[in-house]
Every structure is written in structure tokens, then in C-alpha cells.
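Right, one structure below, let's go through it.
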Amino acid sequence: MKFISVRDFRTSSANIWKILPEENEMVITNNGRPVALLTPLSEKNFENVLSSVRQARAINAVKLMQQDSIKKGMDKNQSNPNTAANSTKQVLAASQVPQPQNPQRVVSEQISKGYLDIKI
């Protein structure tokens, strides 16, 4: 894999586009740090490559969330279902997400208000 600075990318972009298919991947760096990944695309593989990149990002995000929860000790809640349920309630309350209502009560209220017309 070849590394290219932002400066080289700006000044030699025509040459980079020529060698990209041979290299298959190139990393663009800014002050020595990776900032972008170049990969060759075509109309035929565009959707597959895009899907793969998105999937890899999602997998990485889940791994980072798992590592973060382990650091915070939240992984220990899994062994006790009551603790896990309480943690879920706390998270919902903290994020101000309304608690789910009893579905039977919701349907009964909808019927009584005339929003639902159910015939048995």
C-alpha cells in the first residue's frame, strides 16, 4: 500500500490516478497521519465497494462501542437480567425516550377515541 501526502496528491493527481489501479489502495496523509483511503472504482463494482466500506465502518463502530462499554464496566450487566433491565430503563430515562406503553391499553384507547374500527 502506497502512502501519499496531501501536497503530493494535489501536485501529482494525474499520475496518482494512473497508478491507482495497479496499487489497488493508496493512503493520503496529512502531516504524516492517514486522512483518506483511495481505492479504484468502476461502474461495475461501485455498489459492492461502497457497501463493503459502509459495512466495515459499522463493524468498527460496534467494536468501539463494545470496548467503551467494557472500559466503563457495563459488560458485567449482561450476567444479571434484572440489572440489565434496570440499566436499559436508566438509559431510556436519561435519553428522555418515552417508555413503551401497554399495547392493549393503547389499542383500547384508540378504539374508544374512534381512531380504530375493529369488527370481530
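We did not get these values from a lab; they are worked out from the coordinates using the rules stated. What you see is a predicted model, and the numbers here were worked out from it, not measured in a lab. Neighbour counts run over all protein chains shown; Cβ positions are idealised from the backbone, glycine included.
For Val6 and Ile70, a Förster radius of 22 Å and the Cβ-Cβ distance give a FRET efficiency of 0.05, rounded to the nearest 0.05. Each residue in Arg10, Arg33 was given a count of other beta-carbon atoms within 10 angstrom of its own, and listing them fewest first yields Arg33, Arg10. Rounded to the nearest 20 debye, the dipole magnitude of the range 1-40 is 180 debye, with +1 charges on Lys and Arg beta carbons, -1 on Asp and Glu beta carbons, and the Cα centre as origin. By its C-alpha gyration tensor, with a ≥ b ≥ c as the square roots of the eigenvalues, how is the range 1-40 shaped: rounded for a/c under 1.5, else prolate for a/b larger than b/c, else oblate? Oblate shape, in that a/c is at least 1.5 and b/c is the bigger or equal ratio.
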